[in-house]
Structures are given as C-alpha cells and as structure tokens.
Amino acid sequence: MTVIVNTIWGGKVCQIMDRQISRSGRLRQVEVVDTASVKVCVVRCSNALFSIAYTGIAVAHGQWMDAIVARCLAHRPLSEAMMQPGSRWLLRPLHVVMRELAINLNGRLNSDNQTRIASIQFSIAGWHLGRNPQPFLWDLLRDPPEKNGMRYFRLQRQSIGKFLRAYPSGLHVESLGDIGAIVDERLRLLEKVDGFTHDDVERHIRDAISARSEQTATVGRSVLAVQLDPRDANGQVTFTNYPNLEDNSRPQLQSGWTLSPFMVCSPSASSTVGAAYSSCSKYVEGGYMDVKANLHVRTRLPIEAVHHGGPVALSFSTQSRRPVL
C-alpha cells in the first residue's frame, strides 16, 4: 500500500506519494522491501501532460509496477537508461492512450498468478493541453473478479471542471491509499491557512504522510512529489525528492519515468554538486530536457536534506533498482 495525495491549485497539478514498498511477512508482520521506490510515471502525449501513480500490488512478472506501466505505455520493453527513443504511440490523444494502457495492464496482471486477483488502483492527474490548458483527475480502477477468475480495469473520470467553475481559485485535494484518519485531518487544515504557496502545500502534505508513517509500517517517510505546470517554460514537470532525514545515506536529486513521443527516461538520480539554488532558496535544483517535446524536467531536493562537506562526487545516472525476489 501507499499514500497518494492529488492537488489542483494556483495553476499547478501536484501528485505526492510515499516511496515505501512492503509485503506481508510471517505472523502477519510487515516486511519492508524498499524505502525509496518509484511509484509514478510522467507522460506527454499529443494533447495532455499527466502523471500516473499507483497504490496496491507493486510487482508483477518479477518487475516493479512503475516499469510495467512505462512499458505498457510505450508498447515495447524499455531499458534503464537516461535517454532512449520515445514512443510514437504517444502521438495519439489522451483517451486513446489510457484505453490501451488499461488493455495492456489487464494482459500483464491477469497473466501472472500472483497478481490475477490482486488489488491495485492507478491515479492519473494532469492537464488537457491547448490554448487554455485544463486540469483533470482520472482513476484506473480494477473491478471485482469475473466468473473466469480475472479482474479488469475501467476508467473513471472525475468532475473537476464542475469544481473549478464553482470555486475558480479553490484548492482541490483528494487522498487515496493507506491514509488512515490522520492524512485527511491534516488536509482539512489547509482550509484554514492563508498565504501558502504551492510549495508550502506540498510540504504540508509531505508532513501529513510522514505522520501517517509513524502509525503504520506500510507507509514510508520518504516522499516523491510531482508538480505539473504546462505554463512554466523552465520546468513543466518538477520532481521533488523529500528523503527521510533520519537516513544516513546521501540524498540525491531524483526523478521518475518520463515518456514522450520523442524520448523516454527511466528514473534518474544525480548528486547536488554544481546544482543551482531555487529562487526561493529552499531547494537545490537539477534536471534535463526533452527538446523535441519541449518538455523541461526539473528535479529538486530540500535544502535541509543537502549534505555539505565530505568528498566531492559528481554523478548522474539511472536509479539503482534492486532485483525483485
């Protein structure tokens, strides 16, 4: 399980999730498999920019679920490489891409005995692109088993346009996954605060997820956030890594999968050496660019997580993905 929180406010769509993967062990104990996993893919198709996060089963056919989603979107196997050819299948509109993703995921999960009846939900948040971009929130839901023992996905669209017409400057927030009561309690506090930037909202949600992690072993303290803003020429996509500050490892600038018709990047990790400071001085920043898709990807790390001193090591690579047992 995981926690996913989606927000729409101030010209940005944001998707925030914890990074822990766990499984049931002996005597119903929770065994932590990974504390810094990637549970999100960002996609640029012909008429939309969106991110897909999941909660539920994390592995199928011995592969991490984010890699399975990326391969289903690309219609081909993908390697762990920073730059590889894009997918021409993404030159098509959003509804076609999503319909075929559902079909491909049906095939992948139903052909694995371990995931045939497993529960999983995909949350899709993004922008319909055009002269006047409009946000959207969709869900890819897995229905109960049919008589043949298989489960199938259906797409559910939310009425975000109706909300924005009624509250054009309002903050829309939704949460799903293993949220308990504390996440929703913390989110309701956002109705009472004033003067928050979108980064402030993001940090508030990070704190809510961290509070939930203290209550259950199925939710981790490390968080990855994705902000999408098609009007930001310097970073239409922003990945922010909020690591567990109690971890002694050296935090890095990190991203999830990014896919476009012209280039695919697997999850990346880079050092903070030579990174720039954000204009608000609260983050260090890195990133990369898909020139043909005009897609700028910004990666960020909170300044309080940056390790100063020690040996200088400059690195930029794909994230190390541990083999699935």
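The values are calculated or read from the model by the stated rules, or taken from the named source; none is laboratory data. None of the values given here were measured: they were computed from a predicted structure. Neighbour counts are summed over all protein chains in view; Cβ atoms, including those assigned to glycine, are modelled from backbone coordinates with ideal geometry.
Please count how many residues of segment 159-179 are at pLDDT below 90 and in a loop (DSSP other than H, G, I, E, B). Within segment 159-179, residues that are at pLDDT below 90 and in a loop (DSSP other than H, G, I, E, B) number 6.
Matching residues to (1) free of Cβ contacts under 8 Å to residues at least 24 places away in the same chain; (2) not polar (S, T, N, Q):
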residue: VAL97; (1), (2): no, yes
residue: LEU105; (1), (2): no, yes
residue: ASN113; (1), (2): yes, no
residue: GLY130; (1), (2): no, yes
residue: GLN134; (1), (2): no, no
residue: LEU137; (1), (2): no, yes
residue: ARG157; (1), (2): yes, yes
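Yes or no, residue by residue, for (1) surrounded by 14 or more Cβ atoms within 10 Å (Cβ to Cβ); (2) touching a strand residue (DSSP E or B) at 6+ places or on another chain (Cβ under 6 Å); (3) among the charged types (D, E, K, R); (4) not in a strand (DSSP E or B):
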residue: ASN113; (1), (2), (3), (4): no, no, no, yes
residue: PHE122; (1), (2), (3), (4): yes, yes, no, no
residue: PRO135; (1), (2), (3), (4): yes, yes, no, no
residue: LYS147; (1), (2), (3), (4): no, no, yes, yes
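Just one of the numbered conditions (1) at pLDDT 90 or above; (2) over 21 Å from GLU202 (Cα atoms); (3) hydrophobic (A, V, I, L, M, F, W, C); (4) touching a Gly at 6+ places or on another chain (Cβ under 8 Å) is not true of MET289: (4).
Here's the yes/no breakdown for (1) on the phi > 0 side of the Ramachandran plot; (2) surrounded by fewer than 20 Cβ atoms within 10 Å (Cβ to Cβ); (3) of a type in the set (D, E, K, R):
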position	(1), (2), (3)
ALA36	no, no, no
THR55	no, no, no
GLY62	yes, yes, no
MET83	no, yes, no
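Selection of segment 130-147 for residues being within 13 Å of ALA48 (Cα to Cα) and hydrophobic (A, V, I, L, M, F, W, C) yields PHE136, LEU137, TRP138.
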